[in-house]
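The values are calculated or read from the model by the stated rules, or taken from the named source; none is laboratory data. All figures in this text were calculated on a predicted structure; none of them were measured in a lab. Glycine also receives a Cβ, built like all others from the backbone with ideal geometry; neighbour counts cover every protein chain displayed.
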Amino acid sequence: MLKIENNQLTLWDALLPEPLRKLPEELAIIDELLDNPAFLSPFIEAHPSRRGRPTVPAETYLRLMYLKHRYNLGYETLVQEVSDSLTWRRFCRIDLDAKVPDSTTLIKARKRYGEAMTEALNGSLLQVLREKQVLRTRKLRTDTTVIESDIHHPTDATLLQDGVSVMNRLMKQVRKVASQAAQGFEDKSQEMKRKILSIAKLLRRRTQQSWEDLNAITGDVADLAESVCTQVEHAAEAIKDKGKAASSALKGKLIEAASLTRKLVAQARQVVSGNRIIPERIVSFFDPEARPIKKGKLGKAAEFGYKVRIDETESGFVTGYELYAGNPSDDNLLEPAIEQHIARFGQAPHAVATDRGFASAANEKAAETLGVARISMPTRGKKSKRRTEHEKQHWFQNLQRYRAAGEAKISLLKRKYGLSRSRYRGLAGSKTWVGFGIWVHNLRKATQMTK
């Protein structure tokens, strides 16, 4: 059952002196913004039924998630800090004698609401800002970056080690609920660990022979992982759940872990055989949707995660974003950005500025068809005399200077709002992480515009 507000008054509210009841300027402005009913409507749509236990009040959840992403706090740290702060309790609408929602409760709420909630919250905020006439939408700049997954640097051997470790942990649980299914299972983790450690010694030699030996060890690791998968699959077949939820869930986890590990085994065997280019290469056992992405950075040959498109208008607010699995070409992402802008604001931007990664004749034609009057998009390669003169026009150069400032926005989002690394797993989790980061950025920007 959805609970919107915490309207209960306590004796503490009357006893607190006025200075302690007053919020700091930033939190006071955001508190006023979040009181708008537009932010509560997504929660009402997500909870059509009035049955069940009451949820964390929607207004409390919103303010807790703002503090979490504003100060880059973990859930447990967030709960502790709010419990110890009178100001943050007042901001989150939590009574002084009430318990702050548990960290696990907040995690479950975030997973239940998902990325759809963050998209709706961002849309509601932009609508509120437009009503307050602080949002301008005549110019649009768009660029892409990478948000890394929270994973270790992937190698074929360590990925297989992760798979074997997970299957060993699951088999320990099987022994507790269905001991007959775990009979004969051999723990290969120590043998796997010795193989992984021997790889580090080989790499110190930096010779051709060491690479051949490395491939041999990786092949042995793949054989070990495959044997563990076979044992786990037999154990899963032997589990007799008989309608028991715990056994059924455990059986599903075993099958899923073995299936993913087999994919990693096949991937490792391809690499050992000499095939280094593998489409849709898996780079994490724990985040199998993440992909290697090359952006031409000198310090990082490849980043492991998801590609993000960031759209920003001249007022400094991020008005659109999208996450992509893999590494789609930038020249396929401009049209969706303009279409999203039109869907959100009812009309196309007057001017669009991008870097040369988006450049194509098809993109310029599509932008014109959608109603964009001026398109500043430098072409790649050798330019004709006509094109050179076109790109030297004053308005074109001005839009390019406007576009260059978008790099600073991406840097700010990465440094202050968590877009350098997603702490939530999977594409859906990363969309939620990015959505909250952009929502908090736009809220803070709104406090500066409405002072």
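Each residue in region 331-387 was checked for being of a type in the set (S, T, Y) and under 19 Å from Y402 (Cβ atoms), and 3 pass.
Out of the residues in region 244-268 that are modelled with pLDDT of 95 or more and of a type in the set (K, R), state the one that is nearest to the chain's Cα centre (by Cα). Taking the candidates together, the pick is K263.
Residues of region 124-142 that are surrounded by fewer than 22 Cβ atoms within 10 Å (Cβ to Cβ), of a type outside the set (K, R) and outside any helix (DSSP H, G or I): Q133, V134, T137. Filtering region 429-451 to residues that are at pLDDT below 95 and either within 27 Å of R291 (Cα to Cα) or buried (at least 20 other Cβ atoms within 10 Å of the Cβ) (or both) leaves only A446. What number of residues within region 167-192 are basic (K, R) and at pLDDT 90 or above? The total comes to 2. Of the residues making up region 341-392, those that are free of Cβ contacts under 8 Å to residues at least 60 places away in the same chain, crowded, with 18+ Cβ neighbours inside 10 Å and within 25 Å of E119 (Cβ to Cβ) are A348, N363, A367, V372. Within region 143-180, track down each residue that is outside any helix (DSSP H, G or I), surrounded by 18 or more Cβ atoms within 10 Å (Cβ to Cβ) and not charged (D, E, K, R). Correct list: T144, T145, V146, I147, S149, I151, P154, A178.
Per-residue answers, yes or no, for (1) of a type in the set (F, W, Y); (2) in contact (Cβ under 8 Å) with a residue 24 or more places away in the chain:
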| site | (1), (2) |
| --- | --- |
| L27 | no, yes |
| E32 | no, no |
| F43 | yes, yes |
| A46 | no, yes |
| R53 | no, yes |
| T60 | no, yes |
| N72 | no, yes |
| L78 | no, yes |
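Being part of a strand (DSSP E or B) and aliphatic (A, V, I, L, M) is the filter here, so list the residues in region 316-352 that pass it. V318, L323, A351, V352, listed by residue number.
Is at least one residue of region 269-283 in contact with a Lys or Arg (Cβ under 8 Å, 6 or more places away or on another chain), part of a helix (DSSP H, G or I) and either closer than 19 Å to E191 by Cα or among the charged types (D, E, K, R) (or both)? Taking every residue of region 269-283 in turn, none turns out to be in contact with a Lys or Arg (Cβ under 8 Å, 6 or more places away or on another chain), part of a helix (DSSP H, G or I) and either closer than 19 Å to E191 by Cα or among the charged types (D, E, K, R) (or both). When V283 is tested against the conditions (1) in the same structural domain as R421 (by TED's automatic domain parsing); (2) touching a strand residue (DSSP E or B) at 6+ places or on another chain (Cβ under 8 Å); (3) not acidic (D, E), the lone failure is (1).
For F396, the test of being part of a helix (DSSP H, G or I) and free of Cβ contacts under 8 Å to residues at least 24 places away in the same chain is passed.
Right, R93: touching a helix residue (DSSP H, G or I) at 6+ places or on another chain (Cβ under 6 Å) and either assigned to a helix (DSSP H, G or I) or modelled with pLDDT of 95 or more (or both) or not? So R93 fails the test.
The residues of region 406-421 that are free of Cβ contacts under 8 Å to residues at least 60 places away in the same chain and under 16 Å from S315 (Cα atoms), listed by number, are A408, L412.
This table checks each residue for (1) surrounded by 16 or more Cβ atoms within 10 Å (Cβ to Cβ); (2) among the aromatic types (F, W, Y); (3) within 30 Å of A351 (Cα to Cα).
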| site | (1), (2), (3) |
| --- | --- |
| A225 | yes, no, no |
| A246 | no, no, no |
| G252 | no, no, no |
| Q270 | no, no, no |
| K295 | no, no, yes |
| L298 | no, no, no |
| A302 | no, no, no |
| E312 | yes, no, yes |
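Those helices (runs of 4 or more DSSP H) of region 1-79 in which 1 or more residues are at pLDDT 90 or above and either in the same structural domain as L419 (by TED's automatic domain parsing) or out of contact with any strand residue (DSSP E or B) (no Cβ under 9 Å at 6 or more places or on another chain) (or both) occupy 25-34, 58-70.
Residue by residue, here is whether (1) more than 30 Å from D287 (Cβ to Cβ); (2) outside any helix (DSSP H, G or I); (3) not assigned by TED's automatic domain parsing to the domain that holds T142 holds:
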| site | (1), (2), (3) |
| --- | --- |
| T379 | yes, yes, no |
| E389 | yes, no, no |
| L412 | no, no, no |
| G418 | no, yes, no |
| G435 | no, no, yes |
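Within region 300-337, being over 15 Å from I410 (Cβ atoms) and touching a Gly at 6+ places or on another chain (Cβ under 6 Å) holds for no residue. The residues on offer are R356, R387, R374, R425, and the sole one that is modelled with pLDDT under 95 and over 20 Å from E322 (Cα atoms) is R387.
For S329, the criteria (1) surrounded by fewer than 18 Cβ atoms within 10 Å (Cβ to Cβ); (2) within 30 Å of the chain's Cα centre (by Cα); (3) at pLDDT 95 or above hold in every case but one, which is (3).
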